[in-house]
Each structure stands twice: as C-alpha cells, then as structure tokens.
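Report on the following structure.
The values are calculated or read from the model by the stated rules, or taken from the named source; none is laboratory data. In this text, all values refer to a predicted model and were calculated from it rather than measured experimentally. Cβ: placed from backbone, ideal geometry, glycine included. Neighbour counts: every protein chain shown.
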Amino acid sequence: MFYNKRKTIGVFLNRAELEFQQVLSRSLTETAKQCDYNIVYLTSFGIRETETMYDLYEKNVVDFAPIEEFDAIIVALDTYDTPSFRMKLIEGLKDRAHGPVISFREESEGFYGILSDANSMVEELVKHIANTHSVRNICFMAGYKGHYDSQIREQHYRLAMEELGLPIYENSIFYGDMWKGKGEQAYEFFFSDETHRPEAIVCANDFMARALTIALEKHGILVPQDVMVSGVDNSPESCDVLPQLTSIAVDYEAMAKEAVYLVRDLLEGVPREHNIYVPAKILFRESTKDCTDREDKRSDEIYQKLIEIREKHNRQSYFSTDMDGCTDYAEMKQIVAKNLHLLGMCKEFYLALLGEEKEHIRYFKQDITSYAKLGMEIRDGQILHVSGECFRQKDLLPEKVCDDSWKVYYIRVLHNREKNFGYTVVQFENPLDGPDEFYHDWNLTLSQTINNFYTTKYLIRLNHENQEKSVTDYLTGLNNRRGMEDYINKKWPEWILGNRYLICASVDVDGLKVINDSYGHKEGDWAICAVAEAIRKAIGKYGIAARTGGDEFVFVLTGANAGFVRDVENQIRHYLDEVNAQSGKPYRADCSIGHYMTQITARESFEECMRMSDIEMYKEKNAKKVGR
C-alpha cells in the first residue's frame with residue numbers, strides 16, 4: 001500500500017478528537033515509525049445517545065476500508081458505542097481481514113487483545129473507600145447496558161461490595177451513557193431514597209463522574225464533603241475542573257506500544273499470548289478526601305486552550321459560511337486551502353471523489369464505488385494540479401502522488417444520510433499530531449459543499465434538459481412547433497433589420513394513414529423519422545427544421561435564393577430514394593414539399609409565410625393524387 005514497500009497497519013478509531021484517542025494515536029504512530037510501518041487511521045464520528053441517520057451512515061467506513069489490504073489491524077472497539085456500527089465493524093473485520101486483528105482495551109472473540117487491569121482496580125478502589133473512610137453506602141454509576149468495560153467494572157464493584165459485606169440497594173446502581181448526558185438523571189436516581197443516601201459514588205468513567213459532580217453541585221451537594229465521587233481513565237475531565245477526581249489511570253501509551261510490538265511479532269512469526277495485560281493504578285485526589293493538594297499547574301494551559309477553542313470556533317463558522325456560498329469547484333479548492341489550518345499543520349491533504357462522472361457531472365451513490373477520482377491535492381499549503389484520472393478505491397491514493405517516505409494518514413469518509421461523496425486524506429506536519437475537536441465539523445462542511453455543488457450542477461443540467469425537451473420533438477429529435485416559434489420570434493427583428501430573404505418550406509409525409517392502417521404505427525413512425533432525417537441532412541447548418549404536427553414539418557432558410565431551396569428539396573427526395581431502396585419495406589417513405597419565398601419586412605409575419613408554404617405544398621400533394 002502507498003507503493004513504498006512498507007507494511008501498513010490500519011487503525012479503526014471513533015471520535016479521534018477525544019483525549020484517549022489522541023494519546024492512543026500518538027503512541028501508535030511513534031511506535032509504528034520505530035518499526036517502519038505505515039499507519040492509516042480510519043476515523044468516524046458517532047454518539048450513541050444522539051444517534052441520527054447521519055451517525056448510522058458513518059458505518060460506511062467499514063465498506064470503504066481496504067480491510068483485505070492491511071497487513072494488520074488495530075481497533076478500539078470501546079470507542080464505537082452505536083450498536084449497529086459496532087456489529088458491522090466486528091463482522092467486517094472477521095470476514096475480510098487477512099492479517100492479525102488486535103482489539104485495544106476490550107476482549108473480543110477471534111481477535112488478539114491489548115487489555116488493562118483497570119477494570120479489576122475498581123474492586124480495589126471500592127475497598128479503599130470503604131476501609132479508609134469508613135463508608136458503607138457506596139453506589140455505582142455504570143455505562144449503558146452492553147458496554148464491555150462498564151459491565152466488567154460493575155462486576156468488580158459487586159464483588160467488592162460482597163466481600164466487604166455491604167448492601168446493594170435499589171438505588172445503588174444507575175445505568176448512564178459513558179458520556180456527559182446523564183448527570184441530572186443519575187442524581188435523581190441515587191438520591192431518590194432518603195433512607196439510603198449515597199456516601200460515595202464510583203463511576204465507570206471520568207466523563208460520567210464529571211457530569212455527576214456538576215449535577216450534585218447544582219443541588220447543593222458538595223464533593224467530597226457530602227458525597228465522594230471517583231472515575232476511571234484519568235482523562236482531562238478528572239483534573240482540569242474542580243474538584244479534581246480520584247481516577248484509575250491506564251497507561252495508554254504503554255498499551256499502544258504493546259499493540260504495535262504484538263503486530264511486529266505476529267508478522268514475523270513469533271508466537272504470542274492471545275491477551276496481553278498492562279497494569280493500571282489509582283490516582284487519589286480530592287474528590288475522595290485522599291488528597292488536599294490541587295494540581296493547579298495546568299490552569300494557565302486550560303485557560304489558553306479555552307481561548308484557542310473559541311477563536312477556532314469563530315474561524316470554523318467563517319469557513320462554513322464561505323463554503324455555503326461556493327458555486328465553483330476552483331473557488332472551493334481555494335477556500336479549502338485557505339482554511340486547511342483549521343485541521344492543524346497539514347503536510348499533505350487529498351480529496352478523493354467517489355461515484356461516477358457523466359458529462360462533467362458526478363453522480364454519487366449509496367454504495368462505495370470501486371474507483372475514485374483525485375479531486376484535490378494540497379502539499380505544504382500549495383494547491384497542486386491534478387489530472388483527475390481514476391484509481392482503485394482500495395489503494396486509497398493514486399500511485400503518482402505516493403513516494404518512498406513513511407506514511408501516517410488520517411482518513412475520513414464524506415457522506416450525507418443517503419450518498420457517499422468521497423473521502424479526505426491528511427498527513428500532519430508533525431506525524432504525532434492528530435485531529436482535534438473541529439476535525440468532524442470541518443469534514444462535514446466539506447461534505448455539504450460537495451453535495452450542494454454537484455446537486456446544483458445536476459439541477460442546472462436537468463433544467464437545461466427539460467428546456468430542450470419542451471422545444472424538441474420526442475420522436476424525431478427536431479424542434480417541435482414551440483421550438484420553431486421561439487427561434488423565429490427571437491430572430492425575426494434581426495432579419496427585418498438585415499432585409500433578409502426568408503424561405504419557408506412545408507413538408508408533409510405522403511400516405512402516412514395508409515402505412516399506419518396497413519402495417520402499424522411503428523412503421524408509420526419509421527416513415528416519419530426517415531423524412532425528418534432527410535430534412536435534417538439536406539438543410540445542414542443553413543436553416544432550422546421542426547415537426548409541427550403528426551405528419552407535418554416546416555423548415556426555414558434565410559439568405560438563400562430559389563435555386564438553393566430547389567437543391568434542398570432535391571436532396572430530400574434523393575435521400576428518401578436511397579433509404580427506400582435499402583429498407584426492403586413494402587411501402588415508400590415519401591413526402592410533398594412546397595415553399596414560399598419573401599423579403600422579410602415589418603409587415604410580414606411568420607404565420608403568413610407558413611400559410612403560403614402550406615398552399616404550395618398541397619399543390620404538389622394534389623398533383624401527385626391526380627397523376628396516379
């Protein structure tokens with residue numbers, strides 16, 4: 001992959017902008033670099049509690065990912081909490097992966113595992129709170145039912161309570177969301193029974209612990225004075241805001257390194273245990289009365305971060321506004337290049353388009369197409385010319401943009417709730433950098449712009465086609481009466497000023513009723529089309545023709561003389577003679593023609609010219625009948 005003769009690790013990561021995912025990706029990248037492996041992060045965005053149709057379509061990344069092409073795969077399954085997404089990912093990896101698959105933080109059947117003993121440390125934390133602080137009523141805030149880590153942590157909570165001989169009441173275990181959305185509901189649950197008010201609440205992760213402390217403070221309950229609260233994971237949520245939370249720290253950097261080393265050994269044929277455990281430890285802080293010294297050294301850093309986020313949010317809003325008004329692809333590339341810094345310091349950026357292109361319009365589909373087209377390439381801030389040739393989607397990038405250097409790419413599929421537009425590929429200037437909290441919004445804005453841009457082009461084309469249909473005869477492809485009249489009305493004033501001569505000719509298919517009655521309307525249509533083609537070929541670029549009725553045609557020549565129109569009439573008859581000779585049909589496609597010639601003046605009207613040419617045409621038609 002990427003034509004640089006290195007092995008490539010694919011990493012599946014949901015919500016790549018979060019702290020845990022960033023620590024994981026930095027360590028994975030650093031270790032992959034040491035082992036000289038390319039690494040590709042297939043990112044997505046999905047939240048269980050706010051699951052939308054857009055979130056459901058995020059699982060298209062499984063169909064998109066070149067799972068078969070990767071030499072090994074690392075997946076952080078516990079970051080995927082949308083059930084259908086998670087199930088599809090597991091099935092896709094089991095069915096399609098040719099190399100080893102390593103599950104990070106979560107044991108999964110059929111995969112190797114890099115695991116932590118953080119779950120079992122919940123048991124030690126519960127015992128510490130009970131024994132050190134003489135607490136009896138200890139509650140547990142679990143994640144949603146079915147979440148792997150939450151289930152194991154709840155089991156260890158129950159084991160500790162049983163060993164301590166402490167009761168578990170009806171209001172002792174609340175099932176949250178592993179996020180920040182259930183703090184108020186958790187408060188109402190835990191404090192619903194005045195006879196069993198909690199003295200301590202152990203939470204399955206720091207996000208829920210922080211949401212709970214906020215809700216408790218809102219209701220006048222102080223942490224840790226009135227109730228102790230702790231979390232798991234040692235995320236920034238645990239120490240960036242007061243009170244600082246006691247938490248169980250997992251050494252994600254060590255786990256990430258072990259994951260890459262496991263890949264290396266497996267690819268080299270070195271036997272390894274199926275599951276590898278990395279130790280965790282409890283960090284005691286003020287939320288459990290174990291530490292009175294606050295870690296205030298990060299306050300300036302936090303304040304500066306908040307300022308940066310606010311400024312970046314404003315710039316993201318400007319980017320969205322600029323893209324919303326974009327109507328030209330070249331302009332879109334300029335706006336993207338100008339705002340690429342919102343993703344971070346990007347060394348390389350590529351936009352690849354899926355779908356199929358017809359007549360300069362790209363038609364996107366629900367399925368991932370087998371081929372992609374490079375639509376944009378930006379290197380070191382410079383927009384490079386792309387020829388736009390197609391390449392195999394599973395290659396991710398065309399060979400011509402690849403070189404021999406080591407690669408670390410972040411990839412994001414662009415889509416809406418119905419169609420897949422393409423994907424972005426980013427390599428940061430510092431390989432250890434990764435997406436931040438604006439990565440999703442930035443790519444979502446690009447998705448919407450691509451959709452709007454090509455939808456607008458499609459609607460313009462559709463409108464043009466509808467206009468053509470409204471002035472075009474469906475059977476012959478000539479103008480219909482409306483098309484002829486629109487053209488004449490537009491040109492008539494110009495012809496008057498130029499004192500032009502106009503020749504209006506009427507053409508009528510001979511014997512059409514007999515053909516229809518004897519051989520069917522399909523044969524009658526053939527005769528009509530034969531006459532129409534004869535007219536088209538004869539007048540060429542010198543005039544305009546229309547089918548004005550079932551068997552009636554009109555053509556107009558300007559700037560011509562009587563000799564020229566007779567030549568046109570003879571060419572029509574000659575063409576029909578050739579067609580009839582080759583057709584082998586039991587009837588002839590033939591026509592009667594009459595024309596009227598006049599110098600165009602303000603007193604003339606096209607309707608009058610048509611009336612006069614009809615008279616001449618019927619003279620010929622009647623003469624044919626007399627001659628039979």
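Inspect segment 222-243 for any residue being in contact with a Phe, Trp or Tyr (Cβ under 9 Å, 6 or more places away or on another chain), assigned to a loop (DSSP other than H, G, I, E, B) and either hydrophobic (A, V, I, L, M, F, W, C) or free of Cβ contacts under 8 Å to residues at least 24 places away in the same chain (or both) and give the result as yes or no. Yes - at least one qualifying residue is present in segment 222-243.
The condition of being modelled with pLDDT under 90, farther than 21 Å from His274 by Cβ and crowded, with 18+ Cβ neighbours inside 10 Å does not hold for Glu51.
If a residue must be in contact with a Leu (Cβ under 7 Å, 6 or more places away or on another chain) and buried (at least 23 other Cβ atoms within 10 Å of the Cβ), how many such residues does segment 533-544 contain? Result for segment 533-544: 1. For segment 554-565, does any single residue satisfy the condition of being farther than 18 Å from Ile488 by Cβ, touching a residue at least 24 places away in the same chain (Cβ under 8 Å) and in a loop (DSSP other than H, G, I, E, B)? Scanning segment 554-565, I find at least one residue that is farther than 18 Å from Ile488 by Cβ, touching a residue at least 24 places away in the same chain (Cβ under 8 Å) and in a loop (DSSP other than H, G, I, E, B), so the answer is yes. Residues being in a loop (DSSP other than H, G, I, E, B), modelled with pLDDT of 95 or more and charged (D, E, K, R) are entirely absent from segment 395-406. Here is the figure for segment 332-358: residues that are in a helix (DSSP H, G or I) and within 20 Å of the chain's Cα centre (by Cα) total 8. A Cβ distance below 9 Å, combined with a sequence gap of six or more or placement on separate chains, defines the contacts here; from segment 101-120, residues that are modelled with pLDDT of 90 or more reach residues that are hydroxyl-bearing (Ser, Thr, Tyr) and in a loop (DSSP other than H, G, I, E, B) in the pairs Val101/Ser108. Helices (runs of 4 or more DSSP H) fully within segment 1-75 that include at least 2 residues being under 19 Å from Ile114 (Cα atoms): 19-35. Every listed requirement among (1) surrounded by 19 or more Cβ atoms within 10 Å (Cβ to Cβ); (2) modelled with pLDDT under 95; (3) β-branched (Val, Ile, Thr) is met by Ile309 save one, (1). For segment 165-184, the tally of residues that are surrounded by 16 or more Cβ atoms within 10 Å (Cβ to Cβ) and not in a loop (DSSP other than H, G, I, E, B) stands at 4. Among the candidates Val126, Val135, Val202, the residue that is part of a helix (DSSP H, G or I) and touching a helix residue (DSSP H, G or I) at 6+ places or on another chain (Cβ under 7 Å) is uniquely Val126. So for segment 136-156 (the condition being under 17 Å from Thr288 (Cβ atoms) and of a type in the set (Asp, Glu)), does at least one residue qualify? No, segment 136-156 contains no residue that is under 17 Å from Thr288 (Cβ atoms) and of a type in the set (Asp, Glu).
Has segment 17-24 got at least one residue that is out of contact with any strand residue (DSSP E or B) (no Cβ under 7 Å at 6 or more places or on another chain), over 25 Å from Gly344 (Cβ atoms) and modelled with pLDDT under 95? No - not one qualifying residue is present in segment 17-24.
Ala589 passes every criterion in (1) within 58 Å of the chain's Cα centre (by Cα); (2) farther than 18 Å from Arg547 by Cβ; (3) not in a helix (DSSP H, G or I) apart from (2).
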